[in-house]
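Let me begin by presenting the structure, written as structure tokens, before commenting on it.
Taken together, the values in this text are just the output of simple stated rules run on the coordinates, not laboratory data. Worth saying up front: this structure is predicted, and the values here are computed from it rather than measured.
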Amino acid sequence: MDFLIVTGLSGAGKSRAADVLEDLDYYCVDNLPVALMPKFAELCIATGGRYEKVALVTDVRAKNGFDELLKTIDQLQEMNCNCRILYMDADVPTIVRRYKETRRPHPLAKRGGSIEEAVYQEMDLLAPIRERADFIVNSSSLTLGQLQSKLFDLISPAGAKRTLEVTVEAFGFKHGLPLDADLVFDVRFLPNPYYLEELRSLSGLDRPVAQYVFDSIEARTFMEKVEDLLRFLVPLYIEEGKLSLTIGVGCTGGRHRSVAIAAALTEYLKASGVSAVNFNRDIDK
């Protein structure tokens with residue numbers, strides 16, 4: 001079992017790190033008392049593999065728990081848990097600015113005291129934990145995407161690659177745009193099979209309709225240009241830390257042209273090694 005203890009300075013990004021770890025399939029628990037960690041580990045082990053990756057977030061809210069945290073980590077390792085420490089760090093001006101922006105009090109700030117004094121006090125308190133940390137991430141200048149990339153590179157097994165889940169959604173403009181679409185392509189300029197009696201009752205998933213759509217030079221040229229765009233965009237989205245992408249392809253009713261194009265785009269992405277699924281929202285409307 002993989003146990004990751006997420007700790008560090010207040011305001012350094014532990015909550016953001018936990019969000020990223022959830023996207024990396026970690027089961028995250030915030031502010032679990034240190035004394036309960038071994039028992040929690042026993043419960044996870046008893047599930048027989050249901051919780052193989054667990055992240056526990058702890059900080060100065062744990063009060064005196066840091067004195068026993070290192071002992072607890074040793075205890076977890078004796079239970080055959082791969083227990084590591086992720087320490088989130090940031091420079092003092094950045095933390096002070098973040099607290100000013102959120103208008104929240106620092107947990108160690110004294111009445112009438114400064115945030116800066118509280119940060120330095122916390123640094124002293126956490127020094128033994130920082131020295132023991134397996135990973136130290138300074139979030140001072142990191143965007144959320146950069147933090148995702150950093151944590152993926154640190155936490156994921158060697159050789160693991162970041163992936164992007166792509167949904168190619170065919171829809172009809174007369175039924176409204178997909179609310180979750182990141183990219184939208186309008187294919188109403190293509191020849192419309194609806195006006196052919198023998199094709200009207202079919203859909204873009206049927207070979208005669210798809211063949212009719214792709215018999216046009218416009219459809220083939222469109223596919224070439226969109227494929228070229230996706231070859232450019234997908235690696236950049238992955239590098240930026242994007243985890244999912246929805247591509248909307250729309251025609252008038254969402255039954256013929258958009259369905260045929262969306263199916264072809266999905267197959268192209270799969271052939272390129274991208275995880276992609278096809279969804280036809282309005283095909284039966």
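A few points about this structure:
- With 5 Å bins from 0: P(r) over the chain, alpha-carbon pairs, percent: 1, 5, 11, 12, 11, 10, 9, 8, 8, 7, 6, 5, 4, 2, 1, 0, 0
- Convex hull per residue volume in Å³, alpha carbons only, for region 207-252: 95
- Using distinct alpha-carbon pairs, which all enter the 1/r mean, Kirkwood radius of region 1-53 in Å: 12.0
- Within region 173-250, the percentage of alpha carbon pairs spaced more than 21 angstrom apart rounds to 42%.
- Of S203, S216, S140, the one that fluctuates the most in a GNM where the chain has Cα springs shorter than 10 Å: S216
- Table column - 3J(HN,Hα) (Hz), region 113-130, Karplus curve with 6.51, -1.76, 1.60, x for Gly and Pro: x, 9, 5, 4, 4, 5, 5, 5, 5, 5, 4, 5, 5, 8, 3, x, 5, 4
- Calculated from backbone phi, Karplus (6.51, -1.76, 1.60) coupling profile of region 264-269 in Hz, x at Gly/Pro: 5, 5, 4, 5, 4, 5
- Normalised by 2.2 N^0.38 Å, where N is the number of residues, the alpha-carbon radius of gyration of region 199-285 equals 1.14.
- Hits among lysines - C-alpha to C-alpha of K285 under 24 Å, sequence gap 8 or more where chains match: K174
- Whichever aspartates and glutamates have a C-alpha closer than 12 Å to that of K150, once near sequence neighbours (fewer than 8 apart) are set aside: E239, E240
- Amide H contacts under 5 Å for S244, placed H, 5+ residues apart: E165
- Sequence-distant residues sharing a close amide H with I85 (under 5 Å, placed H): I5, D134, F135
- When Rg and Dmax are taken over the Cα atoms of region 77-194, they come to 23.7, 74 Å.
- Region 14-131: projected area of the alpha-carbon convex hull, averaged over directions, in nm²: 8.0
- The phi-based Karplus calculation (6.51 cos²θ - 1.76 cosθ + 1.60; θ = phi - 60°) puts the 3J(HN,Hα) values of region 247-256 at 10, x, 10, x, 10, 5, x, x, 10, 10 Hz, whole numbers, x for Gly and Pro.
- Filter on K71/K161; K100/K161; K14/K53; K53/K161; K225/K270; K71/K242 - keep pairs with C-alpha separation over 28 Å: K71/K161; K100/K161; K71/K242
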